[in-house]
Amino acid sequence: MARTSAPSLTNPIPSTLRITFGRRLRAWYGRAARDLPWRRTRDPYRILVSELMLQQTQVARVVPKYREFLRTFPTLRSIGAATPARVCEAWEGLGYYARARNLHRLAEQVTRGGQRKGTLPAHPAELRALPGIGAYTAGAVASFAYETRAALVDTNVARVLRRVFAPSLQPRTAAGQKALWRIAEAILPRSGRTAWTHNQALMELGALICTAREARCSECPVRSCCATALRALPAHAGSRGTRKRTPATPSP
Ligand code: SF4
């Protein structure tokens, strides 16, 4: 079932491969997904906070900080009404304070002046216009908060998509990034609700099974669809594994 050549406009992913991959991936997610607090909400603000925290920080460190931060700032309005220094203080322990400063700027923009009635937009293009929101975060908030049918590619997703559909692809090049976003869009289920599960499952597979440190193909639910497993290529790279959710370079 697996393919070995990179998908392209003239060489699309066969529908049987796309459908089987998606079904197996989502079925596995139903059995194996971690119970994480941001998966229990559709509140766009809470989803955004979790995504910003996860960009540079491991899940285990984010969970308690996420809860503590939301006790201090339970809404986007409460962030917008605070000083940047107070938001950075509540962010302490996570580092990369640009994320906190951007969150404050975003909250001010969205909640002041009657813009958007204090709510985050549901479409990735509108989300990307806000401070500190890149392509990945826009897709994540749209999909995980609003169940908008939106693709997303972070480092975990990029690794899985490359290994399954295009092992020869160069992920660090602009062309490689574009190709990964095209693959993510091509395999996205039609329904936004199913796309929510699909996107969560792709990230979970990259965090738990198809990691940077090792590809545990014998345990992988999509191995029959995977070009890397089929070719028995040494599954790559990265001497140090991570479960951090670093956004992949945004697609144009
Ligand atoms: S079969 Fe192996 S290389 Fe392919 S997605 Fe699964 S873990 Fe990754």
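The values are calculated or read from the model by the stated rules, or taken from the named source; none is laboratory data. These figures come from a predicted structure and were not determined experimentally. Glycine gets a Cβ as well: all are built from the backbone with ideal geometry, and neighbour counts include every protein chain shown.
Here are some notes:
- Residue 142 vs. criteria over 27 Å from residue 220 (Cβ atoms), under 21 Å from the mean Cα position of the chain (by Cα) and not in a loop (DSSP other than H, G, I, E, B): yes
- Matching option when the condition is more than 16 Å from the ligand (Cβ to nearest atom), part of a helix (DSSP H, G or I) and not polar (S, T, N, Q), among 159, 193, 163: 193
- Condition check for residue 147: of a type outside the set (Phe, Trp, Tyr) and in contact with a Phe, Trp or Tyr (Cβ under 9 Å, 6 or more places away or on another chain): yes
- Listed by first and then second residue, the pairs linking a residue in region 198-211 that is near the ligand (Cβ under 10 Å from one of its atoms) and assigned to a loop (DSSP other than H, G, I, E, B) to a residue that is modelled with pLDDT of 95 or more and not charged (D, E, K, R), with Cβ atoms under 7 Å apart and 6 or more places separating them unless they lie on different chains, are 209/220.
- Given (1) in contact (Cβ under 8 Å) with a residue 40 or more places away in the chain; (2) surrounded by 15 or more Cβ atoms within 10 Å (Cβ to Cβ); (3) not β-branched (Val, Ile, Thr), index of the condition residue 96 fails: (2)
- Residue ID - farthest from the ligand (Cβ to nearest atom), chosen from residues in region 121-156 that are hydroxyl-bearing (Ser, Thr, Tyr) and under 22 Å from residue 101 (Cα atoms): 137
- Criterion violated by residue 182 - all others in (1) assigned to a helix (DSSP H, G or I); (2) crowded, with 17+ Cβ neighbours inside 10 Å; (3) not assigned by TED's automatic domain parsing to the domain that holds residue 211 satisfied: (3)
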